[in-house]
Amino acid sequence: VQLQASGGGSVQPGGSLRLSCAASGIVLRNDDMGWYRQAPGRTRELIAIITSGGVTTYTGSVKGRFTISRDSIKDTVYLQRSSLKPEDTAVYYCNVQRGGFMYDWGKGTQVTVSS
């Protein structure tokens with residue numbers, strides 16, 4: 001199983017980016033999925049969850065600025081991020097939500113917010 005987060009890059013404060021999460025070896029539409037991020041010098045944190053039925057949950061730091069969604073036909077999970085701040089700079093990852101079980105994190109996708 002391989003999870004692949006993509007769509008990162010460099011953006012100015014206030015800008016937007018959409019991240020994508022796809023997988024090989026599993027079917028994502030059957031799982032609740034989460035987006036995580038790890039900022040330099042900090043532990044990885046969960047920032048958004050979407051259930052297999054489309055119910056979403058966000059942590060306080062991203063609530064109102066980030067939107068998690070999924071496309072069952074493409075079997076892809078997205079994270080649309082707007083009003084980006086320098087503190088959003090991090091490596092972003094996706095993974096399943098199965099009561100503590102996680103697949104290998106992979107490389108993630110780097111997002112850098114700076115002017």
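The values are calculated or read from the model by the stated rules, or taken from the named source; none is laboratory data. Predicted, not measured: the structure shown is a model, and the values here were computed from it. With ideal geometry, Cβ positions are generated from the backbone for all residues, glycine too; neighbour counts draw on all protein chains shown. Surface areas here come from the heavy atoms of the whole protein model, side chains and all, with no ligands, DNA or RNA. Shrake-Rupley method; radii C 1.70, N 1.55, O 1.52, S 1.80 Å.
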Review point. Using 1/(1 + (r/R0)^6) with R0 = 22 angstrom and r between the beta carbons of residue 16 and residue 98, what's the FRET efficiency to the nearest 0.05?
Key: 0.15
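Can you tell me the FRET efficiency between residue 29 and residue 112 if r is taken as the Cβ-Cβ distance and R0 is 25 Å, rounded to the nearest 0.05? Mind dumping the intermediate values first?
Numbers: r = 31 Å, r/R0 = 1.23.
Between residue 29 and residue 112 the formula returns 0.20.
How large a share of the accessible area of the chain, in percent, is made up of carbon and sulfur atoms when the probe is 1.4 Å and the other protein chains stay in place? Display every interim value, and only then the final one.
Values: 2830 of 5900 Å².
On the chain, the fraction of accessible area on carbon and sulfur atoms equals 48 percent.
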Exercise for review: Would you mind getting the accessible area per residue of the chain, heavy atoms of the protein chains only, 1.4 Å probe, in Å²?
Suggested key: 51 Å²
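Please give me, ordered by residue number, the trypsin sites (Lys or Arg not before Pro) of the range 45-115 that lie in loop per DSSP and have at most 15 other Cβ atoms within 10 Å. Numbers along the way, then the final one.
Numbers: sites: 63, 65, 70, 74, 81, 98, 107; in loops: 63, 65, 74, 107.
Sparse-neighbourhood loop trypsin sites (Lys or Arg not before Pro): 63, 65, 74, 107.
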Check your understanding: What does the convex hull of the alpha-carbon atoms of the chain project to on average, in nm²?
Key -> 6.6 nm²
Check your understanding: For the chain, what proportion of DSSP beta bridges, expressed in % and rounded to the nearest 5, is antiparallel?
Key -> 90 percent
Exercise for review: In whole angstrom, note down how far apart the Cα centers of the range 70-85 and the range 30-52 are.
Suggested key: 12 Å
Point to revise | Karplus 3J(HN,Hα) series, Hz, for the range 30-35 with 6.51 cos²θ - 1.76 cosθ + 1.60 (x for Gly, Pro) | key: 8, 10, 5, 10, x, 9
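Are there any trypsin sites (Lys or Arg not before Pro) in the range 5-49 that are in a DSSP loop and have at most 10 other Cβ atoms within 10 Å? List them by number. Could the numbers behind the result be given before it?
Numbers: sites: 18, 29, 37, 42, 44; in loops: 42, 44.
Sparse-neighbourhood loop trypsin sites (Lys or Arg not before Pro): 42.
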Exercise for review: Evaluate 2.2 N^0.38 Å with N set to the residue count of the range 26-68, then give the Cα radius of gyration divided by it.
Suggested key: 1.26
Check your understanding: Relative contact order for the chain using alpha-carbon pairs under 8 Å, separation at least 6, rounded to a whole percent?
Key -> 38 percent
Revision key, fill the gap. Between residue 75 and residue 44, the FRET efficiency computed from the C-beta separation at R0 = 35 Å comes out, to the nearest 0.05, as 0.90
